Each structure stands twice: as structure tokens, then as C-alpha cells.
Amino acid sequence: SEMAHIALREKARKLRSRGKSISEIVAALNVSKSTVSYWCRNIKLSSTQIRTLAKRQESGGALGRLRAAESKRLTRIAAVADAGQKGKRDIGRLSERDIFILGMALYWGEGYKSGNEECGLTNSNPDIIRSFITWIRRTYGVRLPDLILRVSINGSHRDRIRDVEKYWSKVTGISLAQFTTTSLIKSSAHKIYSDPEKHFGTLRVKIRRGTQLRRRIIGSLGEIASQMISIYSNSLNAHE
């Protein structure tokens, strides 16, 4: 199950950070070598741990191999940072039009499009929540008092409800008075969280009396889809 999988991964990462070899972790947890290597790929070993592992492996080439592996890991981290910087420069400064289209894409992927004509979305990512609220305020003049918020969280976090609600109130800058009763998700098995105190469930942001706004957004999404289909078809024809 997913929970057992997460628990195994956490065990593997703990063993690795204590300086255990990949082979020792494979033997201890009965998981494939490639899986253990993937789980532990970002764990940095100290030079002492590297030397200890090399001695235990009783091989002249072991230290060299471990150093090569560490060098490869550092090269990958540098490549990730470099690509991240390039990506940052690609964005430049967001214009009002950029924000409008970004919000449209967000609603297309995450917003309510079927059901009882409610306008809103549910997400666990604070950046997505804030981007959505910024978009509906900037584009459609929706006021903060017109938002209804609701937290959903696994039932095993029942004792943390107040802290979780305060977290989302701080993220959004919206008073707890606008939050409806938190929804506890029933689960037959207890989900394992690597750090339960950093789990805040999801937040639903709904716009009061938002039916007309939703119809307008759906109309815009239809036009975006229509134009994108034309662009797609034209680009295919251009390459034939």
C-alpha cells in the first residue's frame, strides 16, 4: 500500500543518513537496490561516513567509487540550481495579462467546472491558493469578504484542527470567521506522514454567489481551448 511504501522510504532514508551502505539497506528492508538508491539520492554523507563505508567494503576502489558518486551528486545539484536560475530569468516581470492567463490556466486545471455551478478550487499548495485569490480579485474585482473557506484534513489530525485553520488563515490573510467547519476525511487506515506537524490538508476557496462568474470563466476557457486547437492544428500542418 502507499502508506507502507512511505514508511519503508522513511526507514531507508534514516538508515542512509546514519551512514549505512545501500547494500545494507537493501538487505535490511528487502527493497530493490535501484529503489533504495533513488530514495536516498539527496542524502549527503559526511567524509567520515564515506571513509567508514569504504573500510567496511574492504576494497581499495571503494573509497574512489564513493567519492565519484558524491562528486556526481554534487554535479547534479549544481545542474539543478543552474536550470532553476535560467527558469527564473525566463519569467521576467508578470504583466496584468500574464496574471489573467495564469489564473485561467489554474482554473482550467484545478477549478470547479462540473457539479452545482460553484465557483472556486481546492488545493494543498499555499502558492496556488494565493495565486487564485489574487487572480479573482485583480481580474473580476471579487472582494475578500465574498470568499468562503473550508479546510479538509485526514481524521488522524483531529487534534490539530485549530492550528491547521490558523495556518490557512495566515496564508490567505482571511479571518477565521470566514471559515466553515473543517471537514475530517475518514480513512480506514492511518496515513503515515513523514512529519505530521507540517501537514495542513487542503483548502477550499469558494466565491459567494459565484454562479455568473463561473459561467464567464467557463466561456473564457472555451475560447482558449478553441484557439489552442487552431494553433495546434496549424503547427501540425506547418511541419508536414
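The values are calculated or read from the model by the stated rules, or taken from the named source; none is laboratory data. Here the structure is a predicted model, which means the values were calculated and not measured. Every residue, glycine among them, receives a Cβ derived from its backbone with ideal geometry; neighbour counts consider all protein chains shown. Note: areas computed on protein heavy atoms with side chains; ligands, DNA, RNA excluded. Shrake-Rupley method; radii C 1.70, N 1.55, O 1.52, S 1.80 Å.
Among the candidates I136, I174, I161, the residue that is surrounded by 14 or more Cβ atoms within 10 Å (Cβ to Cβ), closer than 25 Å to E223 by Cβ, in contact (Cβ under 8 Å) with a residue 12 or more places away in the chain and not hydroxyl-bearing (S, T, Y) is uniquely I136.
Which of the residues spanning the stretch 84-104 are in a helix (DSSP H, G or I) and open to solvent by less than 60 Å² (accessible area, probe 1.4 Å)?
If we filter the stretch 84-104 for residues that are in a helix (DSSP H, G or I), which is where we start, we get 84-91, 96-104.
Within the stretch 84-104, G84, G87, I99, F100, G103, M104 qualify.
Note on the stretch 123-148: residues that are closer than 23 Å to F100 by Cβ and either aliphatic (A, V, I, L, M) or out of contact with any helix residue (DSSP H, G or I) (no Cβ under 8 Å at 6 or more places or on another chain) (or both) amount to 11.
Applying the set (1) in contact with a Ser or Thr (Cβ under 9 Å, 6 or more places away or on another chain); (2) without any contact (Cβ under 8 Å) to a residue 60 or more places away in the chain to K11 leaves exactly one unmet item: (1).
For (1) touching a residue at least 24 places away in the same chain (Cβ under 8 Å); (2) in contact with a Leu (Cβ under 7 Å, 6 or more places away or on another chain), each residue gets a yes or a no:
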site	(1), (2)
I207	yes, yes
R215	yes, no
G222	no, no
I229	no, no
S233	no, no
N237	no, no
